[in-house]
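Data first, discussion second: the structure below is written as structure tokens.
Just so it is clear, none of the values below were taken in a lab; they were calculated from the coordinates. All values derive from a computational prediction rather than experimental measurement. With ideal geometry, Cβ positions are generated from the backbone for all residues, glycine too; neighbour counts draw on all protein chains shown.
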Amino acid sequence: MARVAGILLAAGDGTRLGQPKATVELAGMTLAERGVGLLRDGGTDPVLVITGAVPVQVARAVTVHNPDWSSGMGSSLAAGLRALAAAGGPAGAADGVAAAVIALADQPLIGPEAVRRLIAAYAGGATVAVAAYGGKPRNPVLIARVHWPAVLGMTSGDTGARPFLRAHPDLVTMVECGDVGSPDDVDTPEDLARVRGVSRLPP
């Protein structure tokens, strides 16, 4: 099967949290490290970490800096897709990549099985697959390369792939993942405290 890359969006400054989310430590790992592990263990290669507010280096991942990170998540998604699409670009050997799984650094309770299920859906013919929790679409999201130009044409502000997904509901395959993780965001100190209180975190 064609290669599926991973894109971890980790560029924000974490204004509400009080520090950039990528650098927050949880059970001995930063959220950026956890996000890379999620994508790697789920079966994606290469894995790109999109940075912005602070420098981030994670083993087994390629760092792509988004100079427009402050404009929102849309510019970070665009930076990741463009890096993958560029022959000889920073992703290295990305020409064989046929799809990308996009994940957020601030959702550490999502496990790699969610990524595996998205890739399985892609292998089964889906060109857009969205992880769902209790039937509600969240993250991560898989988008086949054929749709990247359309996604790039619709990204703006802090919306990422959402405009594309809403414009093309007929393309979306929902993949239930509520039994293997939770999409809870770490946006505030209270969120972080709650996540730290979870007895079992994804590895």
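Between LEU171 and ARG16, 0.36 nm times their residue separation minus their Cα-Cα distance comes to what?
Roughly 52.4 nm would be gained on extension.
Once amide H atoms are placed 1.01 Å from N in the peptide plane, what residues at a sequence separation of 5 or more from THR51, or on another chain, have their amide H within under 5 Å of its amide H?
Under 5 Å from the amide H of THR51: VAL64, HIS65, ASN66.
Restricting everything to alpha-carbon atoms, can you work out Rg to Rh for segment 3-195 with a Kirkwood hydrodynamic radius?
0.93
Using the Karplus equation 6.51 cos²θ - 1.76 cosθ + 1.60 (θ = phi - 60°), what ³J(HN,Hα) coupling, rounded to whole Hz, does each residue of segment 20-26 give in order, writing x for Gly and Pro?
x, 4, 4, 9, 5, 9, 9
Given the DSSP H assignment, sum -39500 (n - 2.57) over each helix run of at least 4 residues in the chain and divide by its residue total; what's the result at 222 nm in deg cm²/dmol, nearest 500?
Working: 6 runs with 56 residues, N = 203.
Mean residue ellipticity at 222 nm (helix-derived): -8000 deg cm²/dmol.
Whole-Hz Karplus ³J(HN,Hα) for segment 144-156, in order, using 6.51 cos²θ - 1.76 cosθ + 1.60 and θ = phi - 60°, x for Gly and Pro?
Whole-Hz 3J(HN,Hα) from phi for segment 144-156: 5, 4, 4, 9, 4, x, 5, 4, 4, x, 10, 6, 6.
Residue by residue, what Karplus-based ³J(HN,Hα) values in Hz, rounded to whole numbers, does segment 105-119 have, using 6.51, -1.76 and 1.60 with θ = phi - 60° and x for Gly and Pro?
Listing the rounded values in order: 5, 9, 10, x, 8, 7, x, x, 4, 4, 5, 4, 5, 5, 5 Hz.
If you take the beta carbon distance between ALA120 and ASP191 as r and set R0 to 45 Å, what does 1/(1 + (r/R0)^6) give as a FRET efficiency, to the nearest 0.05?
FRET efficiency, ALA120 to ASP191: 0.90.
Considering the dipole of the chain built from charges on the beta carbon (Lys and Arg +1, Asp and Glu -1) around the Cα centre, which of ALA126, ILE102, THR188 is farthest to its positive end?
The residue sitting most towards the positive pole is ALA126.
With no solvent and one point per C-alpha, what does the Debye sum give as log10 I(q)/I(0) for segment 23-126 at q = 0.10, 0.18, 0.20 Å⁻¹?
Ignoring solvent entirely, the Cα scatterers give -0.27, -0.90, -1.11.
Considering only DSSP beta bridges whose two residues both sit in the chain, what percent are antiparallel, to the nearest 5?
35 percent
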